[in-house]
Amino acid sequence: MSTLEFDQMLLKNADFLKPFAITLTKDQETAKDLMQETMYRALANQEKYSVGTNVRAWLYTIMRNIFINNYRRKAKQNTIFDSSSNDFLLNYQQSTTQNDAEANLRVKEIYAAIYELPQIFRQPFMLYFEGYKYNEIADALEEPLGTIKSRIHFARRLLKAHISKY
């Protein structure tokens, strides 16, 4: 295929690129830039075009790849790296005081919520809460493993709903 034939084929199919460029960029001016870059790359890579290949698909692929590369490049440029020294945090004399009364109050609320659970959920959940594994709980309560898992799951949901009220 001669260069003149290739150029004419590109010009015939260039109009089909505009809606695709606008879809990608959502901006008229950026779409024009993307179309121009696509046509430039197509002309620069004429030797990579195989005669008989769908030229529209080839141009769409070039445009999509340019758009993706530009997007990635912009994302990298917008990444902010904080290279400041964090040494001031090492010697910063800030003391924290733990409020044991508030922590104890919350623990009491959690235990109260657990004991408000129906017995069928409370017993497996308490064993789980104490650190037993599902299969150990199933053996101890002589229940199927799936039943134990579902009861613990429902107990968690009930607790979450009850505790979130506070």
Checklist outcome for this item: Row for segment 3-77, column shape: gyration tensor on C-alpha, a ≥ b ≥ c, rounded if a/c < 1.5 i.e. under 1.5, prolate if a/b over b/c, else oblate; value prolate
Checklist outcome for this item: Flagged as over-length at 25 Å C-alpha distance, from Lys12/Lys76; Lys12/Lys48; Lys18/Lys48, the pairs are Lys12/Lys76
Item to check | Karplus-derived HN-Hα couplings along segment 31-36 (A = 6.51, B = -1.76, C = 1.60, θ = phi - 60°), whole Hz, x at Gly and Pro | outcome: 5, 5, 4, 5, 5, 5
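Classify segment 106-163 as rounded, prolate or oblate, taking a ≥ b ≥ c as the square roots of the eigenvalues of its Cα gyration tensor: rounded when a/c is under 1.5, otherwise prolate if a/b is larger than b/c and oblate if not. Could the numbers behind the result be given before it?
Numbers: a/c = 2.36, a/b = 1.81, b/c = 1.30.
Cα axes put segment 106-163 in the prolate bin.
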Checklist entry - What ³J(HN,Hα) values, in whole Hz, does the Karplus curve 6.51 cos²θ - 1.76 cosθ + 1.60 give for segment 20-25 when θ = phi - 60°, with x put for Gly and Pro? => result 5, 5, 5, 4, 6, 8
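Lys and Arg at +1, Asp and Glu at -1: add these up for the other residues within a Cβ distance under 13 Å of Phe121 and post the number. Mind showing how you got there, number by number?
Values: positive: Arg122, Lys149, Arg151, Arg156, Arg157, Lys160; negative: Glu116, Glu143.
Net charge in that neighbourhood comes out at +4.
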Checklist entry - Once both labels are modelled 7 Å past Cα along the beta-carbon direction, what's the Leu4-Lys74 spacing in nm? => result 4.0 nm
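Just subtract the alpha-carbon distance of Arg157 and Ala57 from 0.36 nm times their residue separation and send over the number in nm, one decimal.
Details: separation 100, 0.36 × 100 = 36.00 nm, distance 5.18 nm.
Gain on extension, Arg157 to Ala57, equals 30.8 nm.
Coordinate-derived values only; no laboratory data. Just so it is clear, the structure is predicted and the values come from calculations on it, not from any experiment. When we count neighbours, we look across all protein chains shown, and the Cβ atoms used for this are built from the backbone with ideal geometry, even at glycine.
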